[in-house]
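The values are calculated or read from the model by the stated rules, or taken from the named source; none is laboratory data. The shown structure was predicted, so the numbers you read here are calculated from the model rather than taken from an experiment. Using ideal geometry, Cβ is built from the backbone for each residue, glycine included, and neighbour counts are taken over all protein chains shown. The accessibility values were calculated without ligands, DNA or RNA, using every heavy atom of the protein model including side chains. Shrake-Rupley method; radii C 1.70, N 1.55, O 1.52, S 1.80 Å.
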Amino acid sequence: MASSYQQYLTPADCALALIDFQPAMYQGVQSHDRKVIFDNVQILARASKLFNVPTIITTVAKDSFSGPFMPEVTEGIYPEKTVIDRTSINSWLNADFRKAAAETGRKRFVLAGLWTSACVSFPTLDMLKEGYEIFVVTDACGDTSPEAQDRAVPRLVPAGAA
């Protein structure tokens with residue numbers, strides 16, 4: 001029997017989480033060209049909207065530190081979507097995020113966020129423990145250094161992420 005990671009993702013069986021694409025988080029990105037990440041996030045958001053994929057948008061410390069989520073996404077693509085703001089770097093520790101994930105009815109999640117070593121890795125590991133399948137879009141992620149990115153991604157694969 002093929003593992004579910006060997007099956008294509010479809011709009012009917014997956015959801016998307018976009019995590020912490022905010023000005024202060026972008027400023028810390030040194031692993032990739034920020035413009036490439038910026039463009040790829042918009043591509044993900046547009047594709048999820050086009051194919052009606054349930055999408056969660058979340059920020060960390062929007063008012064006190066990090067600023068708003070990319071308006072190109074929240075105003076241009078998903079103006080109707082409520083952005084979940086958190087105080088913890090780990091999205092999964094936020095009850096509203098967990099509720100939104102459960103309400104999608106999907107167990108396969110595509111994740112992208114800033115920074116990979118924390119904002120993507122932490123919820124990925126927790127969601128894997130809860131029985132979710134996680135697909136990380138690494139070209140729509142970034143980290144504080146090339147080394148941080150290069151070390152974060154290989155930690156996720158043996159843990160069960162794709």
Label-point separation in nm, ASP33 to THR138, each point 7 Å along Cα→Cβ: 1.8 nm
message: Using a probe radius of 1.4 Å on heavy atoms only, what accessible surface per residue do you get for the chain? Whole Å² is fine.
response: 49 Å²
- request: Quick one: which residues, 5+ away or cross-chain, put their amide H under 5 Å from the amide H of GLN30? H built at 1.01 Å from N.
  value: ASP143, THR144, SER145
query: By how many nm would the segment from SER64 to ARG155 lengthen if fully extended, with 0.36 nm per residue of separation less the alpha-carbon distance?
result: 29.7 nm
The chain: most fluctuating residue of ARG151, ARG108, ARG34 per GNM, C-alpha cutoff 10 Å: ARG151
message: Tell me the carbon and sulfur percent of the accessible area for the chain, rounded to whole percent, probe radius 1.4 Å.
response: 57 percent
query: Reachable lysines from LYS35, Cα under 29 Å, same-chain residues fewer than 8 places away excluded?
result: LYS49, LYS62, LYS81
- prompt: Taking 0.36 nm per residue of separation and subtracting the Cα-Cα distance, what length does fully extending VAL83 through ALA47 add?
  reply: 11.1 nm
- request: Pull up all non-local amide H partners of ILE84: gap of 5 or more, or a different chain, and H-to-H distance under 5 Å with H placed in the peptide plane.
  value: ILE57, THR58, THR59
HN-Hα J in Hz across segment 54-68 - Karplus 6.51, -1.76, 1.60, θ = phi - 60°, x for Gly and Pro: x, 10, 10, 10, 9, 10, 10, 6, 4, 7, 9, 8, 8, x, x
Segment 93-153: relative contact order as a whole-number percent, Cα under 8 Å and 6+ apart: 38 percent
- prompt: Going through segment 1-78, which chymotrypsin sites (Phe, Trp or Tyr not before Pro) have at most 15 other Cβ atoms within 10 Å and a DSSP loop state?
  reply: TYR8, PHE51
statement: Between (1) 132; (2) 104; (3) 117, the structure-derived volume of the Cα convex hull per residue in Å³ is (2)
